[in-house]
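Here is the structure we will look at, set down as structure tokens.
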Amino acid sequence: SFLVPYLIMLFVEGMPLLYMELAVGQRMRQGSIGAWRTISPYLSGVGIASVVVSFFGTIYYNVINAWSFWYLFHSFQDPLPWSVCPLNGNHTGYEEECEKASSTQYFWYRKTLNISPSIQETGGVQWEPALCLILAWLMVYLCILRGTESTGKVVYFTALLPYCVLIIYLIRGLTLHGATNGLMYMFTPKIEQLANPKTWVNAATQIFFSLGLGFGSLIAFASYNEPSSNCQKHAITVSLINSSTSIFASIVTFSIYGFKATFNYESCLNKVILLLTNSFDLEDGSVTASNLEQVKDYLASTDPSRYSEVVPLIKNCSLESELDTAVQGTGLAFIVYTEAIKNMEVSQLWSVLYFFMLLVLGIGSMLGNTAAILTPLTDSKVITSHLPKEAISGLLCLISCAVGLVFTMEAGNYWFDIFNDYAATLSLLLIVLVETIALCYVYGLRRFENELQAMTGRALNWYWKAMWACVSPLLIIGLLFFYLSDYIITGTLQYQAWDATQGQLVTKDYPAYALAVIGLLVASSTMCIPLVALGTFIMHRYKRGDTAPVA
């Protein structure tokens, strides 16, 4: 139900917009700010908005790498620290919070984040995650120290190594008990979901972010291409490889997810069987998973009074329910995967491999984000005349690390979610919409087509022109309308807070100051477009007035 919309969105949104940004960068030979200023002086704000969004992404995304370092360091312990609940202070039992949740949730929310009950209770900086964050930024700085010279070499490693680890994980995942349950769940079509608009929106959003559209990194990287380079071929190749990798990674994920769901389902059944066996003094082995329902019916009819006392303690075990409890984002990376890994043989090995891969992927993503910021900065002669590239890179890392320490506080994860949910989504949609309209209707599609043909020697076919001029902009407008209407219908924005007393997440309303920060995150990037255009218009009128002849 997700794969069909995903593939359709790839061809009507992802591939055309990727080609457009690569072509703009290759043609204009500048970063995002300079490229859109060349197209029109009034469009400098588009490039600035991309840099602002990339800066927001850079600030919070490297926190994931800090968490990856944290888990990687703990992966060498035997047993894994998230595999069992710790003893309480009296050593008479396990920690109450861990018993109510799970060992993996406890390690994530309490040991890693030391999370506060709400966003209002800020707490202090956690020094261990803070040190991991500093280490993560040091790694990024070493990778971008020499600009594209060093970045290009690092990308080969960050791009190829994860494939090796994924292949190893695929082989292991397919041999796990219950892996087929996860794969069947992944590939079983749910036709009713195709009629749900949110499925299509999620597919479009996934394509949008996985290709990095609107961040300015694609324009930055393409600006270093040879003018005659076949950017159309690059766009098609990158799009197909990206989507194939996503599907391949999904197969790995769902095979492991099937193992985790099956393990939990069978553990639940075993607990119910043990409960019935002990409560009714049944013979060991007489109750199995296959005859459990018949035994329950028999006990309910033969000894209803005792059975009614036991019923509240019987859990409802369902494999489908276990598979339906899908999570995404940090929950998938640091809770679901760790829960599956802890039940594997030689769990330390699989944990080290997984978190090393996650770290490499995160560093690779950071290279794209930082390139989107550094390329426009190094294009500026005003900046480069005073500071060398190494100093510019160092200042970017230092400022981002200092701001990122906010995410290592006890309420840091709530602020991380705010940045993750609101710093880019609406802004990127608006940026790419303005990009397509500007290229096709301000600069002129026919003009750009002629320049592209002169540059690469290849004509622009009808498919690209139709997507750029009509289909993709209309699709983005539809996405913007859906997001805005969804926010309006939802009303007050809410977040998931960790309740230690219940051992689970609870929904709470964002306080007024958090809503103000959300508004500032969206406005600080999107308002660059109209404000810079207005400022440019005023400057032009002012200069025209100065040069007007005196009567």
Task: LEU323 being assigned to a helix (DSSP H, G or I) and under 28 Å from LEU274 (Cβ atoms) - done: yes
- [ ] Of the numbered conditions (1) open to solvent by 30 Å² or more (accessible area, probe 1.4 Å); (2) part of a helix (DSSP H, G or I), LYS508 fails exactly one; give the number of that condition.
- [x] (2)
- [ ] Find the residue count for the range 457-473, including only residues that are surrounded by fewer than 18 Cβ atoms within 10 Å (Cβ to Cβ), among the hydrophobic types (A, V, I, L, M, F, W, C) and assigned to a helix (DSSP H, G or I).
- [x] 5
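Every residue, every condition in (1) buried (at least 16 other Cβ atoms within 10 Å of the Cβ); (2) free of Cβ contacts under 8 Å to residues at least 24 places away in the same chain, yes or no:
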position	(1), (2)
CYS164	no, yes
PRO189	no, no
GLY212	yes, no
LEU218	yes, no
ALA222	yes, no
GLN232	yes, no
ALA235	yes, no
ILE241	no, yes
Task: Residues of the range 353-382 that turn out to be more than 19 Å from TYR224 (Cβ to Cβ) and of a type in the set (Val, Ile, Thr), as a count - done: 3
- [ ] Name the single residue, out of those in the range 528-551 being open to solvent by 90 Å² or more (accessible area, probe 1.4 Å) and not in a helix (DSSP H, G or I), that is modelled with the highest pLDDT.
- [x] THR547
TODO: Mind listing whichever residues of the range 168-181 are buried (at least 17 other Cβ atoms within 10 Å of the Cβ) and over 19 Å from TRP350 (Cα atoms)?
DONE: ASN181
Task: 3 or more residues open to solvent by 40 Å² or more (accessible area, probe 1.4 Å) and at negative phi: qualifying helices (runs of 4 or more DSSP H) within the range 345-445 - done: 347-379, 381-384, 389-404, 412-422
- [ ] Tell me, yes or no, whether the range 58-70 has at least one residue that is farther than 29 Å from GLN504 by Cα and either in a helix (DSSP H, G or I) or among the β-branched types (Val, Ile, Thr) (or both).
- [x] yes
Task: the range 199-241, residues that are hydroxyl-bearing (Ser, Thr, Tyr) and under 21 Å from GLY478 (Cβ atoms) - done: THR199, THR205, SER210, SER239
Task: Considering residues of the range 297-324 that are touching a residue at least 24 places away in the same chain (Cβ under 8 Å) and within 30 Å of PHE187 (Cα to Cα) only, the residue surrounded by the fewest Cβ atoms within 10 Å (Cβ to Cβ) - done: LYS315
- [ ] Filter the range 362-385 for residues that are farther than 15 Å from SER223 by Cβ and charged (D, E, K, R) and give the result.
- [x] LYS381
- [ ] Check off (1) without any contact (Cβ under 8 Å) to a residue 40 or more places away in the chain; (2) touching a helix residue (DSSP H, G or I) at 6+ places or on another chain (Cβ under 9 Å) for GLN294 and give me the number that stays unchecked.
- [x] (2)
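Quick grid of which residues meet (1) closer than 30 Å to ALA523 by Cβ; (2) crowded, with 18+ Cβ neighbours inside 10 Å; (3) modelled with pLDDT under 90; (4) out of contact with any His (no Cβ under 8 Å at 6 or more places or on another chain):
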{"site": "TRP36", "(1), (2), (3), (4)": "yes, yes, no, yes"}
{"site": "SER40", "(1), (2), (3), (4)": "yes, no, no, yes"}
{"site": "ILE48", "(1), (2), (3), (4)": "yes, yes, no, yes"}
{"site": "VAL51", "(1), (2), (3), (4)": "yes, yes, no, yes"}
{"site": "ASN62", "(1), (2), (3), (4)": "yes, yes, no, yes"}
{"site": "ASN65", "(1), (2), (3), (4)": "yes, yes, no, yes"}
{"site": "SER68", "(1), (2), (3), (4)": "no, yes, no, yes"}
{"site": "SER75", "(1), (2), (3), (4)": "no, yes, no, yes"}
{"site": "ALA101", "(1), (2), (3), (4)": "no, yes, yes, yes"}
Open item on the list: All but one of (1) in contact with a helix residue (DSSP H, G or I) (Cβ under 9 Å, 6 or more places away or on another chain); (2) part of a helix (DSSP H, G or I); (3) closer than 22 Å to HIS234 by Cβ hold for ALA454; state the number of the condition that does not hold.
Closed with: (1)
Open item on the list: Considering only the range 480-488, I want to know if a residue exists there that is surrounded by fewer than 17 Cβ atoms within 10 Å (Cβ to Cβ), among the β-branched types (Val, Ile, Thr) and free of Cβ contacts under 8 Å to residues at least 12 places away in the same chain.
Closed with: yes
Open item on the list: Can you tell me which residue is surrounded by the most Cβ atoms within 10 Å (Cβ to Cβ) among those in the range 103-124 that are over 26 Å from LEU80 (Cβ atoms) and not small (Gly, Ala, Ser)?
Closed with: ILE119
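The values are calculated or read from the model by the stated rules, or taken from the named source; none is laboratory data. Here the structure is a predicted model, which is why all the values come from computation and not from measurement. Quick reminder, even Gly has a Cβ in these numbers, built from the backbone with ideal geometry, and neighbours come from all protein chains shown. Side chains are part of the model used for accessible areas, which takes the heavy atoms of the whole protein and leaves out ligands, DNA and RNA. Shrake-Rupley method; radii C 1.70, N 1.55, O 1.52, S 1.80 Å.
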